[in-house]
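Worksheet for the structure shown next.
A short reminder: the numbers here are calculations on the coordinates, not readings from a lab. Quick caveat: nothing in here was measured; it's all calculated off a predicted structure. Because the Cβ atoms are built from the backbone with ideal geometry, glycine has one as well, and the counts that use them run over all protein chains shown.
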């Protein structure tokens with residue numbers, strides 16, 4: 001049954017090169033199948049990266065950034081009012097997109113929280129807190145990717161908060177052998193490979209990972225980092241200056257191949273909700289070392305090694321401990337697959353969205 005036939009739905013997102021865009025792209029086909037007339041509003045670069053139109057949605061350019069930029073936000077508000085004209089429902093993904101959508105006054109409004117507000121202090125922190133509070137209160141329904149985000153939204157006064165796990169889309173099968181990938185990275189048969197996947201951004205905690213490597217990690221691994229972002233030059237300079245065993249791969253389309261070749265995946269983030277990288281690692285049976293932040297503990301359970309955020313010594317110890325203990329790596333690989341088997345998939349994620357949309361549209 002096409003539950004959304006004849007309904008115009010506008011999906012809004014800010015600049016994204018990772019999880020938010022990946023999530024939205026993954027649910028669009030199911031929303032189209034439910035009969036919705038979809039339009040996606042966001043930066044042109046985001047459409048070029050994820051191809052929302054190829055999934056059956058229209059696209060309207062609305063320049064929503066992820067930083068504090070009041071003048072740009074006001075322009076985005078005006079652009080979204082025009083772009084979302086005639087919509088029956090607006091769904092904003094992330095706090096920045098949610099703030100623009102709330103100011104644009106389009107209702108009903110669904111807000112998905114994919115991450116916590118970025119840390120800060122002083123005036124910047126106060127402005128961020130006020131914007132976060134206003135945004136969650138403006139939404140008719142807040143969907144939170146993890147329980148900690150849901151609890152925070154409720155504390156801020158959201159009227160209707162629901163946990164809505166974001167499923168990582170299935171990865172394609174690897175196209176190269178482990179030996180081929182390792183040879184391309186210049187690894188011999190004995191040296192272990194640690195893989196990190198994620199944007200080169202302060203959120204991901206790569207500075208702490210470099211601190212851990214500078215202190216020394218047992219097993220002498222090569223760390224390959226797949227991702228691009230604003231910290232590339234800074235991280236590259238540190239790697240060169242310190243002679244660190246790190247290769248920055250840039251944005252990659254062959255994550256499945258890299259995972260199949262990796263001995264351990266590392267996720268040293270400062271904050272995360274329902275990390276797509278963590279999901280991909282556990283599904284692939286690759287042992288994971290991650291920080292115990294946000295929604296990571298509830299996501300991975302006992303199927304990963306968790307360390308405190310910002311603790312380079314703990315991170316080095318956890319990585320070295322796994323790299324020198326093949327039996328434990330094997331046990332974690334099996335535990336990861338079992339944990340992943342209990343997660344909702346893309347179909348369940350999309351079905352929840354259809355239910356929420358239908359409920360709000362009927363109420364309207």
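Pop the C-beta distance of residue 328 and residue 2 into the FRET formula with R0 = 51 Å and round what comes out to the nearest 0.05. In this case the efficiency is close to 0.55.
Length gained on full extension, residue 249 to residue 359, computed as 0.36 nm times the residue gap minus the Cα-Cα distance: 35.2 nm. Based on the Kirkwood radius over alpha-carbon pairs, what value in µm²/s does the Stokes-Einstein equation return for the translational diffusion coefficient of the chain at 20 °C and 1.002 mPa s? D, rounded to a whole number, is 101 µm²/s. With the largest listed first and rounded to whole Å, the semi-axes of the equivalent ellipsoid of region 254-338 from the Cα gyration tensor are 17, 15, 12.
Once C-alpha pairs closer than 8 Å and six or more residues apart are averaged by separation and normalised to the residue number of region 178-341, the relative contact order reads 25 percent.
Here the convex hull built on the C-alpha positions of region 1-108 has a volume of 82 cubic angstrom per residue. By the count of other C-beta atoms within 10 Å, a proxy for reagent exposure, 52, 59 are ordered fewest to most as 59, 52. The C-alpha atoms of the chain define a longest principal axis, and helix 312-323 lies at about 70 degrees to it. Sorted ascending by nearby beta carbons within 10 Å, beginning with the fewest, 9, 64 become 9, 64.
Using a simple spin-label model with pseudo-atoms 7 Å out from Cα toward Cβ, residue 190 and residue 125 lie 4.9 nm apart.
Taking the square roots of 5 times each eigenvalue of the Cα gyration tensor of region 47-184, largest first, gives ellipsoid semi-axes of 30, 21, 17 Å.
Its DSSP H runs of at least 4 residues, each contributing -39,500 (n - 2.57), put the calculated 222 nm mean residue ellipticity of the chain at -14000 deg cm²/dmol, to the nearest 500.
Computed from Cα positions, the angle between helix 95-104 and the longest principal axis of the chain comes to roughly 10 degrees.
Taking other C-beta atoms within 10 Å as the exposure proxy, 110, 239 rank 239, 110 from fewest upward.
Computed as a quarter of the hull surface, the mean projected area of the alpha carbon convex hull for region 145-248 stands at 9.6 nm².
Counting every pair of alpha carbons in region 178-341, the share spaced more than 23 Å apart comes to 30 percent.
Ratio of Rg to Rh for region 192-249: 0.92 [Cα atoms; Kirkwood radius as inverse mean 1/r over pairs].
Put a dot 7 Å past the Cα of residue 214, heading toward its Cβ, do the same for residue 228, and the two dots end up 2.7 nm apart. Return one number: the angle in degrees, 0 to 90 and rounded to the nearest 10, between the long axis of the Cα atoms of helix 232-242 and the longest principal axis of the Cα atoms of the chain. Roughly 10 degrees between the two axes. Distance between the C-alpha centers of region 300-332 and region 88-163? Whole Å please. Region 300-332 and region 88-163 have Cα centres separated by 33 Å.
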